Every structure is written in structure tokens, then in C-alpha cells.
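The values are calculated or read from the model by the stated rules, or taken from the named source; none is laboratory data. Quantities reported herein were computed from a predicted structural model and do not represent experimental measurements. Neighbour counts are summed over all protein chains in view; Cβ atoms, including those assigned to glycine, are modelled from backbone coordinates with ideal geometry.
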Amino acid sequence: MRILMVGAGLSGAVIGRKLAEAGHDITVVDARAHVAGNCHTERDSATGVMVHVYGPHIFHTDDEEVWNYVTGFETFKAYKNRVKTTSKGQVFSLPINLHTINQFYGKTMRPDEARDFISEVADTSIEDPQTFEEQALRFVGPDLYEAFFKGYTMKQWGMHPSELPASILKRLPVRFNYDDNYFFHKFQGMPENGYTAMVERILDHPRISVHLNTAFERAEKDQWDHVFYSGPLDGWFDYALGRLGYRTLDFERFTYEGDYQGCAVMNYGEEDVPYTRITEHKHFSPWESHDGSVLYREFSRACTADDIPYYPIRQVREKALLADYVARAEKETGVTFVGRLGTYRYLDMDVTIREALDTADAFLAQGQDTPAFVKAPL
């Protein structure tokens, strides 16, 4: 078949590669000048630093098949995400661990002592947390919530934590040991030559043609036997029912000669600091050595029509609008909606790849009867 991938990010690349290997002819279009979507990386010409152009992406997964997939296209180097945060004039480790607790409270507690202490300061009267704020108060108490979660969350989401669902913080990481590795996953790493090089290799197949700086128009759909669409779900319908809500990011790029902050990610949890974090990109490639440094200050705000959408809000209003768009999408034929934008869900890279592999399998089994959503957005 002649199949179109709208978007040259992870979803389009992975689905396209698997279908090309099965003998289909794949055309990939992307409105941007590069592949890899928001995980695009490129070397800074002045410093040589590998820069995560749309903000840092750290690969972590427990899915061994997905890990084997990405390492088949790129060498991954060991990398542990160790986040720091500045609060009340001090630097602390995140996620909250035994060092964080002892430093914050000026104590030298052992694990069992710290566990009992947190149980005492936590608001155990909240039996079934419904909001982000209740979830944080229930598990760490007001002091740690105020220092590390409240201000950061207000800046990131543009609303008070009492307005956000508890699910955003449903697995609040609190460790009663000195483990400061941000993720729990078995496989963690960074691509030695960046994500763009990896995606370029995935797309490097004789049955795949890639066209960058190429916008897709829905009127073109019937030129193809099937379309896999990783653009915004509401955009497919020309936003006829209104726009789904997203948060976007503004990056204030600056350089420094030397080591600016000594770590890859420094959060700023206090509300009066306008940015959420500073990322220093050379620390995402610790196997390299660079004198100069490239850094981003990140500012979160509401996404407008001209912005790059990053985080789907998925509050009550958005979910209602999403349901209406899903109902329309399920009546479409010859198109399958995929990825973060196509299904209006926040997806880590490993989940994106897993769903792309599963979607390709579904198409190989069902052909043009493949539904609009292999993974339901609701």
C-alpha cells in the first residue's frame, strides 16, 4: 500500500519503518525542517554541546523490547537523571529522599525515623486525595509541599494545585534512602549522537521517503491508502469545535564559559522565580567534555494558535471537548490518530514507541480496517 505518515517524530518514524519492512511504500511529511519532533537534538556550532532544542528528553523504560528497539538504531550511554531544586536559599535533591528530608529539617534521621517523622507531619486526615494539593499534603505534609511542589506546579500548569487532579501526582516519589536517581526504570540512558541521529536511522529505508518543510492538508488524504496522523487531533478538523488546551514552553537560551550550575536540571520551586527550571545541556552528555556551556531557562504558559503545544491540560473542559473530537474521529475512514498530539495524552518516549509498534502490528493485521485509535484517548 501507499501510506502517509504525517509527522516525522517517533510515532511516524517507528510505524513507518515497521510497515516499510513489511513491504509497504511510506511517505513521511513534516512541517518542520528536521525529523524527531520535539526530541530533536543538534550540536551547537560554537561550543560543540549536544542541545535538546525543545527541552531535555531522557530515555527511561522497563519495556525491554522498546529498549532493544532504540539501541538497535543508536548507541545509548548510561545516564542517571539527578534533579536538583533551589528553594529557600538552598539546593536540594529531587525526588524527595532521605538527604532532602534531613537537610530540609536540619536532622540526621535514619530511614525508619524519617518515615515515622513524615507520617507525623503528613495530613493523614485526607483519606482519599482528589486534588494535586491534597495528594501532596497527604504524603509529605505542608512544609515540603510548599517548598517543592506548590510554586513549581502553579508556574507549570498556570493554576493552583487545588484545581489539578491528584492523578498528576499519583505516584509521589518519596524515598527513605539516599537514592537520588529520578527514575525507577530498569533501562535508562542517552543516545550518544542525539535523538535526531536515531530517528534518521529509523527512517533510513529504501521504501521510506521523507519530505521536510511540507505541511499536510486534509484534502490530500484520499491520495493515500491509509494515513497515520500525529498532528493535533483538533487540527485534523480545522478546530471546528474549538481548540484543545495545552501548555507551551518558552526557552531563554544563554551561554556560559565553564560550568554554570554543575548539574543538568535545576528546578526553581518558588513562585516568585518566573521560570520553572534551568537546564544545562552539556550535562546530558557526561561522557563528553566542553569548555563552553549552553543553557535554557524554561517558562511555561498557555498555548496559543501560533505556539508549539507541549503538555495537554486534560481538565474537565478539555476532556469534554476531547470526547466530542474523538466521536468525530471515530467516524473517519482511512486515518489512524497516533502520538501525543493525535491522542491528546502526555506520553513518555518509551510509551510513544511502544504504542507505535503496537499500532503498526494492528495495521499489519487489519489493514485499512485499522480504527481511528488503536489506543483510546479517553
| Verdict on THR47 being farther than 30 Å from ASP225 by Cα, touching a residue at least 40 places away in the same chain (Cβ under 8 Å) and in contact with a His (Cβ under 6 Å, 6 or more places away or on another chain) | yes
| Could you count how many residues in the stretch 225-250 are under 21 Å from the mean Cα position of the chain (by Cα) and exposed (fewer than 15 other Cβ atoms within 10 Å of the Cβ)? | 1
| request: For the stretch 172-230, please list each of the strands (runs of 3 or more DSSP E) lying entirely inside it that holds at least 1 residues being over 30 Å from VAL335 (Cα atoms) and in contact with a Lys or Arg (Cβ under 9 Å, 6 or more places away or on another chain). | output: 187-191
| field | One residue from TYR256, TYR229 being touching a residue at least 24 places away in the same chain (Cβ under 8 Å) and not assigned by TED's automatic domain parsing to the domain that holds ARG345 | value | TYR256
| note | Cβ pairs under 8 Å, 6+ apart or interchain, first in the stretch 82-102 and basic (Lys, Arg), second outside any loop (DSSP other than H, G, I, E, B) and surrounded by fewer than 18 Cβ atoms within 10 Å (Cβ to Cβ), ordered by first then second residue, are LYS84/VAL91
| query | Restricting attention to the stretch 154-165, which residues are in a helix (DSSP H, G or I) and either β-branched (Val, Ile, Thr) or over 19 Å from the mean Cα position of the chain (by Cα) (or both)? | reply | PRO161, SER162, GLU163
| said: If I go through the stretch 104-146 residue by residue, how many of them are assigned to a loop (DSSP other than H, G, I, E, B), more than 23 Å from GLU270 (Cβ to Cβ) and acidic (Asp, Glu)? | reply: 2
| task | Output the qualifying pairs, or none if there are none: Cβ atoms under 9 angstrom, residues six or more apart or on different chains, first residue in the stretch 147-168 and more than 9 Å from PHE132 (Cα to Cα), second residue of a type in the set (Lys, Arg) and not in a helix (DSSP H, G or I). | result | ALA147/LYS88; TYR152/ARG277; GLN156/ARG247; TRP157/ARG247; GLY158/ARG247; GLY158/ARG301
| Would the stretch 255-264 turn up any residue that is under 24 Å from the mean Cα position of the chain (by Cα), β-branched (Val, Ile, Thr) and closer than 30 Å to ALA46 by Cβ? | no
| message | Cβ contacts < 6 Å: first residue farther than 30 Å from THR75 by Cα, restricted to the stretch 198-226; second residue assigned to a loop (DSSP other than H, G, I, E, B), any location; separation 6+ or different chain. Result? | response | ALA215/ALA31; ASP225/MET1; HIS226/GLY334
| query | Are any residues in the stretch 362-378 free of Cβ contacts under 8 Å to residues at least 60 places away in the same chain and within 26 Å of PHE59 (Cα to Cα), and if so, which ones? | reply | ALA362, PHE373, VAL374, LYS375, ALA376, LEU378
| query | From ILE118, ILE126, ILE96, which residue is within 26 Å of THR279 (Cα to Cα) and either in the same structural domain as PHE148 (by TED's automatic domain parsing) or of a type in the set (Asp, Glu) (or both)? | reply | ILE96
